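Asker: Sharing a structure below in structure tokens format, with a few things to ask.
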Amino acid sequence: MNPRPIRPVRLTALLLVCCSVVPAQATRKSVTVTIEVTDGHGARIPKAQAEILSAATAGSKTLVTDDEGTAHLELEPGSYVVIVSSLAFKTVNRDITVGSAEGQRFEFALQVGGCPIPDPCPVVPAQGLAPTSNPAPYPNNSEGLRQLLNNMLLAAKSVDQSGLLSMIRDTEIPNYHSWFTTNFGQEKGESWAGPYGRWLAKNEKEFQELLVKLAQMDGEFAIQKIDTAKRYDLLNGPLDGYLANWKRPTTPKGEQLVKIGDFFFVDGKFRWDSTTQYFPFQEPKTAAIVPAKLVKKVQPEYPAEAREKKIEGTVKLQVIVRKDGSVTVQSVVEGDPILSPAAIEAVRLWHYEPWQRNGEPIDVQTTIEVIFSLNK
């Protein structure tokens, strides 16, 4: 795939100022601010996000441009920090001063990759805007996912968290039930689709809390490509997957990377696989948790081919222990492909006294190891 050419783009914020009607005793008048976001050719960019932080009050406002590439908000005259971001471009922070005069204009420039951001920003004529264009997506590679997560991290540092939650919701898997069954088969797909939909809102809220916590820590995102064909047994068709880690600079070697989340690239966007939860650095939960107890264990039948070839080893399976104590196998985390089918068939027959939270049985995702040894 040929890389997308680096093209500078200008994000223009046009502030149209008019005095609003306020009570006679008010000492400061708000002004109506209209922001238009455009690229270097003057084409408006919809769904761009801007965070407006007041230097005086430390308050903030978040706006997202509409389908016409414009947004409106009320601001009092004063100093602000404007954080502007759009898909596939570097985020820009800029200090501005809003006065009371009409016709004020501020310009911002977003650019792809490591190109320098012009300062001061060149003036772009306000007339002759080109037709609306859609923003370019994050590229389907490790750097593209890193850009997305860095923009999430930037949003996490703001006071208003609505923008961050909106970005997280944009990573939801569309038509998730059909998508899971199409890619992983009927049985396995349905076993994932159910928990995905049932716990999605809760997981998104916890992911938001995690990003807020990361925004206060030293570190950076490190992304690695996943071999999905190897990781997910009997995968139907190709699928691009990535593992997002958090790299801590002051941690001993070997402990620097902390798993954050798995992502798939679906329909031109990165989609967060919330069925695989890591959520490190979270505060301990106060709920009383009682772990599951295995009450029925079925030994796997040693594959004849593995016995002939003297293959031994451990198969690690990702499973869901259901409320009724049954086990649903989701994927093979690691293990020899000759041994894996036998491990899956055996574990499907296991039964537990289920996990409990505050006395109520719950579904829990966990891993199970099945050991194959010719000496047994």
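Asker: Restricting to region 273-305, name every residue that is under 23 Å from LYS323 (Cβ atoms), surrounded by fewer than 15 Cβ atoms within 10 Å (Cβ to Cβ) and either touching a Gly at 6+ places or on another chain (Cβ under 7 Å) or modelled with pLDDT of 85 or more (or both).
Answerer: Within region 273-305, LYS293, LEU294, VAL295, LYS296, LYS297, VAL298 meet the criteria.
Asker: Among the residues of region 101-114, are any at pLDDT 85 or above and either more than 28 Å from ASP67 (Cα to Cα) or open to solvent by less than 60 Å² (accessible area, probe 1.4 Å) (or both)? Walk me through it before giving the result.
Answerer: Restricting attention to region 101-114, the residues satisfying the condition of being at pLDDT 85 or above are none.
Within region 101-114, none of the residues are at pLDDT 85 or above and either more than 28 Å from ASP67 (Cα to Cα) or open to solvent by less than 60 Å² (accessible area, probe 1.4 Å) (or both).
Asker: Something else: Report, by residue number, each residue of region 323-340 that is open to solvent by less than 30 Å² (accessible area, probe 1.4 Å) and in a loop (DSSP other than H, G, I, E, B).
Answerer: Within region 323-340, GLY325, LEU339 meet the criteria.
Asker: If you don't mind, another one. In region 289-322, what count of residues is obtained for those that are farther than 26 Å from PHE180 by Cβ, without any contact (Cβ under 8 Å) to a residue 60 or more places away in the chain and outside any strand (DSSP E or B)?
Answerer: 9
Asker: Let me ask something else about it. For residues that are modelled with pLDDT of 90 or more and of a type in the set (A, V, I, L, M, F, W, C), scanning just region 237-265, find the one that is most open to solvent (accessible area, probe 1.4 Å).
Answerer: Looking at the filtered set, the residue picked out is PHE265.
Asker: Condition check: under 14 Å from the mean Cα position of the chain (by Cα) and more than 24 Å from ASN150 (Cβ to Cβ). Does ALA222 satisfy that? Don't jump to the end; show me each part of the working.
Answerer: Values: under 14 Å from the mean Cα position of the chain (by Cα): yes; more than 24 Å from ASN150 (Cβ to Cβ): no.
Considered against the rule, which asks whether it is under 14 Å from the mean Cα position of the chain (by Cα) and more than 24 Å from ASN150 (Cβ to Cβ), ALA222 comes out as no.
This table checks each residue for (1) more than 17 Å from GLN161 (Cα to Cα); (2) at pLDDT below 65; (3) open to solvent by 50 Å² or more (accessible area, probe 1.4 Å).
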position	(1), (2), (3)
ALA55	yes, yes, yes
LYS61	no, no, yes
THR70	yes, no, no
SER79	yes, no, yes
ILE83	no, no, no
LEU87	yes, yes, yes
LYS90	yes, yes, yes
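Asker: Say we look at region 177-222 and pick out the residues that are of a type in the set (A, V, I, L, M, F, W, C) and touching a Leu at 6+ places or on another chain (Cβ under 9 Å); which of these is modelled with the lowest pLDDT? Give the derivation first.
Answerer: First, the residues of region 177-222 that are of a type in the set (A, V, I, L, M, F, W, C): 179-180, 184, 192-193, 199-201, 207, 210-212, 214-215, 217, 221-222.
Narrowing further to those that are touching a Leu at 6+ places or on another chain (Cβ under 9 Å): 184, 211-212, 214-215, 221-222.
Details: PHE184: 80, LEU211: 90, VAL212: 89, LEU214: 89, ALA215: 86, PHE221: 92, ALA222: 92.
Taking the candidates together, the pick is PHE184.
Asker: Do you know which residues across region 145-176 are open to solvent by 30 Å² or more (accessible area, probe 1.4 Å), at pLDDT below 85 and not hydroxyl-bearing (Ser, Thr, Tyr)?
Answerer: LYS157, VAL159, ASP160, GLN161, listed by residue number.
Asker: Tell me which residues, restricted to region 166-222, are acidic (Asp, Glu) and in a helix (DSSP H, G or I).
Answerer: Pass one, region 166-222, residues acidic (Asp, Glu): 170, 172, 187, 190, 204, 206, 209, 218, 220.
GLU187, GLU190, GLU204, GLU206, GLU209 - these are the residues of region 166-222 that are acidic (Asp, Glu) and in a helix (DSSP H, G or I).
Asker: Does region 358-372 include one or more residues that are open to solvent by 70 Å² or more (accessible area, probe 1.4 Å), part of a strand (DSSP E or B), more than 25 Å from LYS259 (Cα to Cα) and of a type outside the set (Asp, Glu)? Lay out the reasoning, then the answer.
Answerer: Going through region 358-372, the residues open to solvent by 70 Å² or more (accessible area, probe 1.4 Å) turn out to be 358, 360, 367, 369, 371.
Okay, now just the ones that are also part of a strand (DSSP E or B), so 360, 367, 369, 371.
Okay, now just the ones that are also more than 25 Å from LYS259 (Cα to Cα), so 360, 371.
This time we only want the ones that are of a type outside the set (Asp, Glu), so: 371.
Yes: region 358-372 contains one or more residues that are open to solvent by 70 Å² or more (accessible area, probe 1.4 Å), part of a strand (DSSP E or B), more than 25 Å from LYS259 (Cα to Cα) and of a type outside the set (Asp, Glu).
The values are calculated or read from the model by the stated rules, or taken from the named source; none is laboratory data. Since we're looking at a predicted model, the values are computed, not measured. FYI the Cβ positions are ideal-geometry reconstructions off the backbone, even for glycines, and counts take in every protein chain you see. The area values use the complete protein model at the heavy-atom level, side chains included, leaving out ligands, DNA and RNA. Shrake-Rupley method; radii C 1.70, N 1.55, O 1.52, S 1.80 Å.
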